[in-house]
1. Which pairs have Cβ atoms under 9 Å, sit 6 or more apart or on different chains, and link a residue in region 148-173 that is over 17 Å from residue 54 (Cα atoms) and part of a helix (DSSP H, G or I) to one that is modelled with pLDDT of 90 or more and small (Gly, Ala, Ser)?
2. Listed residues 176, 220; which is of a type outside the set (Ser, Thr, Tyr), farther than 22 Å from residue 14 by Cα, at pLDDT 90 or above and loosely packed, with under 15 Cβ neighbours inside 10 Å?
3. Take the residues of region 89-114 that are at pLDDT below 85 and outside any helix (DSSP H, G or I): which is surrounded by the most Cβ atoms within 10 Å (Cβ to Cβ)?
4. Of the residues 74, 63, which is in contact with a helix residue (DSSP H, G or I) (Cβ under 8 Å, 6 or more places away or on another chain) and touching a residue at least 40 places away in the same chain (Cβ under 8 Å)?
5. What are the residues in region 77-117 that are touching a Phe, Trp or Tyr at 6+ places or on another chain (Cβ under 8 Å), touching a residue at least 60 places away in the same chain (Cβ under 8 Å) and not hydroxyl-bearing (Ser, Thr, Tyr), if any?
6. State all residues of region 201-222 that are among the hydroxyl-bearing types (Ser, Thr, Tyr) and assigned to a helix (DSSP H, G or I); if no residue qualifies, say none.
7. For region 1-85, please list each of the strands (runs of 3 or more DSSP E) lying entirely inside it that holds at least 3 residues being among the hydrophobic types (A, V, I, L, M, F, W, C) and open to solvent by less than 50 Å² (accessible area, probe 1.4 Å).
8. Looking at this structure, is residue 207 touching a residue at least 12 places away in the same chain (Cβ under 8 Å), of a type in the set (A, V, I, L, M), closer than 28 Å to residue 89 by Cα and open to solvent by 70 Å² or more (accessible area, probe 1.4 Å)?
Amino acid sequence: MLLGKRKFTAVDIGSHSIKVARMRQKGKKLEIIDTGIAELPNETVIEGKIQDPSIVAAELENIFEKMKYHPSRIVTTVSTNNLLVRNLELPLMSEDELAESIKWEADDQLPFPVNLASMDYLILEKDESTMKILLVAVKEDIIENFLQPFNNIGIKPDVVNVQPMALLSLLEYQGELDEPVAVVDVGASRTQVTIGSKTNINLSRTISTGGNDFTNSIIEGM
């Protein structure tokens, strides 16, 4: 989140639509100035990957034109379909040793080669012999894929976050994360379940059931 910046724009590219919220920081609170939404043609985004960046870019431009402004600070997230969040426990070691060990551990955890991944990690706890690590990884081509529509319209996002961390960070900023919480984000094609606290993401999983499945069930029932 662009804390310290008085105004910024959050963009969420989903499988059904693009959502935009223009935000303003007001003291310790966030205020929504304006919002915009545009539905995407079917199969524009499949399994968390944008199939046609030009369509998404055009819809983004349409939203900004309707909102009558051109954003200068953008915050966006990578689809959870392509995200891996894991808790690791490793022997106590130096920061330099940890960076190398993370690569070996990630190689066992990731469903794709580690050299194709963009990774980050956070040290959660340390004791005399072990350390607990939060590992976040996504394929580099997925990040490039999500940035392509912005590149097409000459915008460079200031922050590219992962959805579970973004949601928990938002709750923490608003003072709503004093205790562990469960965040359930029901999208059109997937549901993201995140359980976490100020210091840890205990669980982050994507369930292959979303709003489209509920709609189809209702249609079949009627």
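1. Qualifying pairs under 9 Å: 166/10.
2. Criteria check complete, one pass: 220.
3. Result: 110.
4. 74
5. Within region 77-117, 78 is the sole residue that qualifies.
6. Residues of region 201-222 among the hydroxyl-bearing types (Ser, Thr, Tyr): 204, 206, 208-209, 215, 217.
Selection gives 215, 217.
7. 7-13, 17-26, 74-78
8. Values: touching a residue at least 12 places away in the same chain (Cβ under 8 Å): yes; of a type in the set (A, V, I, L, M): yes; closer than 28 Å to residue 89 by Cα: yes; open to solvent by 70 Å² or more (accessible area, probe 1.4 Å): yes.
Against the criterion (touching a residue at least 12 places away in the same chain (Cβ under 8 Å), of a type in the set (A, V, I, L, M), closer than 28 Å to residue 89 by Cα and open to solvent by 70 Å² or more (accessible area, probe 1.4 Å)), residue 207 qualifies.
The values are calculated or read from the model by the stated rules, or taken from the named source; none is laboratory data. Please read these numbers as outputs of a predicted model, since none were measured by experiment. Backbone-built Cβ (ideal geometry, glycine too); neighbour counts: all protein chains shown. In case anyone asks, the SASA skips ligands and DNA or RNA and just uses the protein heavy atoms, side chains included. Shrake-Rupley method; radii C 1.70, N 1.55, O 1.52, S 1.80 Å.
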